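The values are calculated or read from the model by the stated rules, or taken from the named source; none is laboratory data. Everything numeric in this text was worked out from a predicted model, so none of it was measured. Neighbour counts run over all protein chains shown; Cβ positions are idealised from the backbone, glycine included.
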Amino acid sequence: MLESLAGIPDDTLAADDRLNRDLFARQYRVSWTHMSGASGSCPSPSGAACSRPRAGRDPPFATARDFELWIARLNGLDTYVDQTIDLMRDGMRRGLVQPRIIMERVPAQIAKQVVTDPTASPFYAPFDQMPASIPAAEQERLARAARQAIEQE
């Protein structure tokens with residue numbers, strides 16, 4: 001990725017695009033950690049942990065829209081995991097892999113996320129404390145959609 005970005009000549013980009021390229025490259029260099037990937041993050045701009053929302057990095061879950069966005073993240077999880085697997089396979093081909101000790105922990109981390117009761121899933125946690133400002137019927141609709149996403153995705 002970094003080689004590809006470095007191969008884009010400055011004179012082919014507008015100033016804003018150069019800045020975006022440089023910022024993306026910087027973020028790319030510093031953001032890949034053991035928390036990256038399916039065992040550590042979900043497909044979201046905030047990089048929320050799949051196992052649970054993380055304070056300071058996740059939406060506040062204050063409105064129905066906040067819960068709808070979380071459900072959308074859950075519905076995209078299968079695609080995200082497939083993409084992560086593809087990226088890890090590419091990394092293996094290129095010799096860019098996480099340390100063994102980190103990867104040995106991944107199956108257990110993922111296993112904790114697989115439940116028979118969707119309400120026992122860490123993905124469901126935000127729905128256990130929905131604000132009273134969301135009408136009861138809306139809360140039930142959102143909770144039902146979350147259970148369905150957890151069961152199917």
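Below are the figures for this structure:
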| quantity | calculated |
| --- | --- |
| Residue match in the stretch 30-41 (condition: at pLDDT 90 or above and of a type outside the set (Asp, Glu)) | no |
| Residue in the stretch 101-108 that is more than 30 Å from Arg29 (Cβ to Cβ), of a type outside the set (Lys, Arg) and touching a Ser or Thr at 6+ places or on another chain (Cβ under 7 Å) present | no |
| Ile134, sole failed condition from (1) surrounded by fewer than 14 Cβ atoms within 10 Å (Cβ to Cβ); (2) at pLDDT 90 or above; (3) of a type in the set (A, V, I, L, M) | (1) |
| Filtered residue count, the stretch 121-144, keeping only those that are under 20 Å from Val81 (Cβ atoms) and among the aliphatic types (A, V, I, L, M) | 1 |
| Test result for Arg141, surrounded by 11 or more Cβ atoms within 10 Å (Cβ to Cβ), part of a helix (DSSP H, G or I) and either in contact with a helix residue (DSSP H, G or I) (Cβ under 7 Å, 6 or more places away or on another chain) or at positive phi (or both) | no |
| Close pairs (7 angstrom Cβ cut-off, 6 or more residues apart or separate chains): over 15 Å from Trp70 (Cα atoms) in the stretch 109-123, assigned to a helix (DSSP H, G or I) anywhere | Gln113/Pro122 |
